[in-house]
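Comments concern the structure below.
The values are calculated or read from the model by the stated rules, or taken from the named source; none is laboratory data. Note that this is a predicted model, so its numbers are computed, not measured. All Cβ positions, glycine included, derive from the backbone under ideal geometry; neighbour counts span all protein chains shown.
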Amino acid sequence: MRILRWKLRWKRERAAEKSVEEELIRLRLKLWKARSRHSRATGVALLIISAFFLSLAYVTRYIVFEVTSILALFLGVIFVLSGVEPYVKLRVANKAVASPLYTLCDLLSHLGVDGKGIYMPTAEGDSVKIFLPKSRSGSLPKINEATSGMVVLENGFILPPVGNSLLQLYEEELGDVRNFDFDYLKEWLPRVLVEALNIAEKSEITQDGEDIQVRLTASSFSGLCQNKEVVQICRVVGCPLISSIAEAISKNTGRVVYYINCAYNPSTRVTEATYKLGPAQRFREEKR
């Protein structure tokens, strides 16, 4: 009898925990949708209210109606413009991101980097660095060599990832990516990209053994994919978005991540990036 009561209590506790977890997920999605909702409808409503109070002010001559009308007009214009702004400035943002990549392309050419980027967890395990081998057959450096900002080695170079700032945005939404398993990252990182940050219209991360594929539709960084001047970055490490995803995978799994390639189809607006998981290099306690 005591065992039966214990089992019933355990089932109730598990059901309560699951209910709380589902409610947290629901609230998170609700917050993202509310934050990403277009503000133009609100702006139009405020403009209508402004016209209404302007009519009242004209009929009644009350100053309060005039003030309300002016405030509603001001707020309405702000909301309408904020809804249009992301579309107007997307091209400008891509140009701004491309500017420092031109310098990196010249640096890679000058240094003679021919191999593809390898994302490596540092010895502390709280950050990731990119190893750029001089040749495609370059061997991995020792993990303790990937602790400082930039390291020059005989067989390549170690640099900070070009998408680290984006990873910080992901972690503002999800928390430290080391605190959950890879299945959770595969499910929630695409949601962050689409629903929280509006970086892409669709996103998907799939895994087949050690191979990982990321599929993005209408990415905000697609302008870089069509820029021939930064094609070497796409070949070696990927754009900041593709790099940030590789960094997130490496930090989450504690494993080396090999960047394989990235391709963009202009007709479908689909970007497909491929990575391969390498050896585990954990320097922290195992996830609970």
Worksheet item: Looking at this structure, is K228 basic (K, R) and touching a Leu at 6+ places or on another chain (Cβ under 8 Å)?
Response: no
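Residues are listed down the side, and each one gets a yes or a no for (1) part of a helix (DSSP H, G or I); (2) over 17 Å from the mean Cα position of the chain (by Cα); (3) hydroxyl-bearing (S, T, Y); (4) surrounded by 24 or more Cβ atoms within 10 Å (Cβ to Cβ):
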position: E229; (1), (2), (3), (4): yes, yes, no, no
position: G238; (1), (2), (3), (4): no, no, no, yes
position: S250; (1), (2), (3), (4): yes, no, yes, yes
position: S267; (1), (2), (3), (4): no, yes, yes, no
position: G278; (1), (2), (3), (4): no, yes, no, no
Worksheet item: Can you tell me which residue in the range 190-227 is nearest to Y264 (Cα to Cα), limited to those that are crowded, with 18+ Cβ neighbours inside 10 Å and β-branched (V, I, T)?
Response: V214
Fill in: Flag for E145 being modelled with pLDDT under 90 and touching a helix residue (DSSP H, G or I) at 6+ places or on another chain (Cβ under 6 Å)
no
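So is S135 more than 24 Å from G209 (Cα to Cα), small (G, A, S) and either at pLDDT below 90 or assigned to a loop (DSSP other than H, G, I, E, B) (or both) or not? Before you say what the answer is, go through the steps one by one.
On the way: more than 24 Å from G209 (Cα to Cα): yes; small (G, A, S): yes; either at pLDDT below 90 or assigned to a loop (DSSP other than H, G, I, E, B) (or both): yes.
Yes: the conditions hold for S135.
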